Structure formats: structure tokens, C-alpha cells
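*Asks:* First the structure, which I've put down as C-alpha cells, then a few questions once you've had a look.
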Amino acid sequence: MNLLRKLNCLFHYYPKSAPFSSLISSFTTHQLTLTTFPPDSQIILTTLCSNGQLKEALIEMAAPGLEMKFESYDMLLNACIKKRAFREGQRVHAHMIKTRYLAPVYLRNRLIIFYSKCDRLREARNVLDEMPEKNVVSWTAMISAYSQRGFATEALDLFLEMLRSVTEPNEFTFATVLSSCTGTFGFELGRQIHSLIIKRTLDTHIFVGSSLLDMYAKAGRIHEAREVFESLPERDVVSCTAIISGIRSW
């Protein structure tokens with residue numbers, strides 16, 4: 001184990017309240033042999049990622065003989081998401097493919113989020129399309145990526161594809177896709193989505209209600225917007241702002 005990895009292990013295990021001089025003494029005395037501190041990738045990568053040392057973490061990832069865990073990849077991707085580090089995230093993805101392990105759904109979802117945050121929607125969609133199994137987070141993450149970047153048609157098409165699959169949308173999916181229901185076609189589809197929301201008894205959810213309010217208000221349907229507003233068991237700043245803005249606009 002090289003010096004950097006020894007120190008990382010030592011800093012992780014040694015009590016934080018201990019004086020630094022005793023920590024150095026411990027390192028000098030025991031020399032941190034492989035038997036004393038086995039090279040645990042999770043510990044090392046946790047330390048490096050927590051300190052924002054993404055470059056060093058990637059070097060550690062590529063170290064010969066280091067066994068990467070799914071949790072380690074997840075941690076690295078999270079660090080890349082925070083820094084919008086596209087090239088570094090690509091290296092993590094490539095390393096995952098190289099190991100030839102079938103990544104679990106949550107890790108593939110993280111890849112979708114990573115590519116979306118880096119505005120690489122094609123790569124994000126490729127990850128989604130190649131997933132042998134998808135869950136509601138997979139679909140919602142991609143729909144959200146399209147919606148937030150103004151690709152309303154793509155967001156709505158993907159939502160319809162989701163409905164044809166075995167995955168049920170949740171309140172976050174509905175709240176996300178409603179923001180893409182603009183224009184004549186989008187609004188009519190939004191009304192149909194509203195019916196689905198009622199059937200699934202999600203119409204009183206604050207996120208969904210606020211999105212419905214916003215959709216109706218932007219379309220100038222103040223009466224429908226008011227009905228949604230009055231049906232909400234709880235109202236927050238977002239829902240109040242949406243109804244006020246809608247009334248002022250029309």
C-alpha cells in the first residue's frame with residue numbers, strides 16, 4: 001500500500017479528538033502494514049471524495065488490484081455531479097463497463113442524473129435505453145432532464161412510453177411532466193394527465209397540485225386553476241404564487 005493510501009486509512013480510523021502529534025507517532029511506530037490496515041476502497045474513496053480530491057480519487061480507482069464496490073462508484077459519480085465534472089464522470093462510467101459487472105438500477109440512475117447535470121442528454125438517454133430494468137426514478141430522472149431544458153416533446157413522449165411500461169408514475173413524475181404541458185397539444189395532454197392523477201389520488205399532493213396550478217394558470221384557465229388551489233389540503237409559497245401570477249396575467 002502506498003503512502004497516500006496508508007495516510008487515508010489512518011486519518012479515517014484514528015480518533016478525531018486525538019492530537020496530531022500522536023497520530024504521526026502512531027504512523028511512524030506501526031508503519032501501517034497491509035495486515036494492520038487492509039486496502040479498503042470504500043474508506044479511501046470516502047476520504048478523498050469528502051475532501052473534494054476527485055483527481056486523486058480517480059487515480060485510486062485505477063490502482064492495480066483494487067476491488068471497486070458499487071458504493072464506491074456511486075460515491076465517485078456523486079462527486080462528479082457536484083462538480084459537473086463530465087470527463088471525470090466518463091472515466092468512472094468507462095471503469096464500470098470495464099469491470100463487466102451488471103450495475104444495479106440505482107447506479108444506472110446515478111449515471112442518468114450525472115449526464116443530465118452535465119447537459120449530455122444523449123448519453124443520459126443511452127443509459128436509460130440500455131437498462132434491462134427501470135424503476136420510477138429512472139424514468140422520472142430522464143423526463144425531468146428533458147423538461148428542465150425545454151425539450152417538452154421529448155419529455156411528453158417519454159412519459160407516454162413510461163405509461164406503456166410496467167412502471168407506475170409517482171407524484172414527482174407527474175409534477176415534472178406537467179411543466180412540459182404547454183401549447184395546445186401539451187395542454188390537452190396535461191388535462192388527461194390530470195385525470196390520471198385523480199385516479200391515483202395524487203391530486204392533493206402539494207408538488208402535484210402546484211404543477212397543476214401552474215399549467216392551468218399559464219394556459220389562462222383561471223377557473224380550473226382556482227379549483228385546484230381550493231382543493232389542496234395544504235398550500236405553500238409555490239402554490240400561492242402560481243395562482244396569484246395566473247390571475248395577474250389574465
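*Asks:* Only residues that are more than 18 Å from S165 (Cβ to Cβ) and either at pLDDT below 95 or aromatic (F, W, Y) (or both): list them for the range 122-146, please.
*Replies:* Result: no residue meets the conditions.
*Asks:* Which pairs turn up if I take residues in the range 84-96 that are on the phi > 0 side of the Ramachandran plot and surrounded by 16 or more Cβ atoms within 10 Å (Cβ to Cβ) and look for partners that are at pLDDT 95 or above and among the charged types (D, E, K, R) with beta carbon separation below 8 Å, at least 6 apart in sequence or on another chain?
*Replies:* Qualifying pairs under 8 Å: none.
*Asks:* May I ask you to list the residues in the range 164-188 that are surrounded by 14 or more Cβ atoms within 10 Å (Cβ to Cβ) and part of a helix (DSSP H, G or I)?
*Replies:* E171, F172, T173, F174, A175, T176, V177, L178, G186, F187
*Asks:* What tally of residues in the range 144-175 results from selecting those that are closer than 22 Å to L107 by Cβ and touching a Pro at 6+ places or on another chain (Cβ under 9 Å)?
*Replies:* Here the count works out to 1.
*Asks:* Looking at this structure, is R108 free of Cβ contacts under 8 Å to residues at least 40 places away in the same chain, under 30 Å from E168 (Cα atoms) and surrounded by fewer than 21 Cβ atoms within 10 Å (Cβ to Cβ)?
*Replies:* When the stated conditions are applied, R108 does not pass them.
*Asks:* How many residues are of a type outside the set (K, R) and surrounded by fewer than 17 Cβ atoms within 10 Å (Cβ to Cβ) when one looks only at the range 43-73?
*Replies:* 12
*Asks:* Another one. For the range 124-163, which positions are surrounded by fewer than 18 Cβ atoms within 10 Å (Cβ to Cβ), more than 19 Å from R200 (Cβ to Cβ) and not hydrophobic (A, V, I, L, M, F, W, C)?
*Replies:* If the condition is that a residue be surrounded by fewer than 18 Cβ atoms within 10 Å (Cβ to Cβ), more than 19 Å from R200 (Cβ to Cβ) and not hydrophobic (A, V, I, L, M, F, W, C), then N126, D129, E130, P132, E133, Q148, R149, G150, T153, D157 are the ones that fit.
The values are calculated or read from the model by the stated rules, or taken from the named source; none is laboratory data. Everything numeric here is computed off the predicted structure, so don't read it as measured data. Here Cβ is always computed from backbone atoms with ideal geometry, including for glycine, and neighbour counts include all displayed protein chains.
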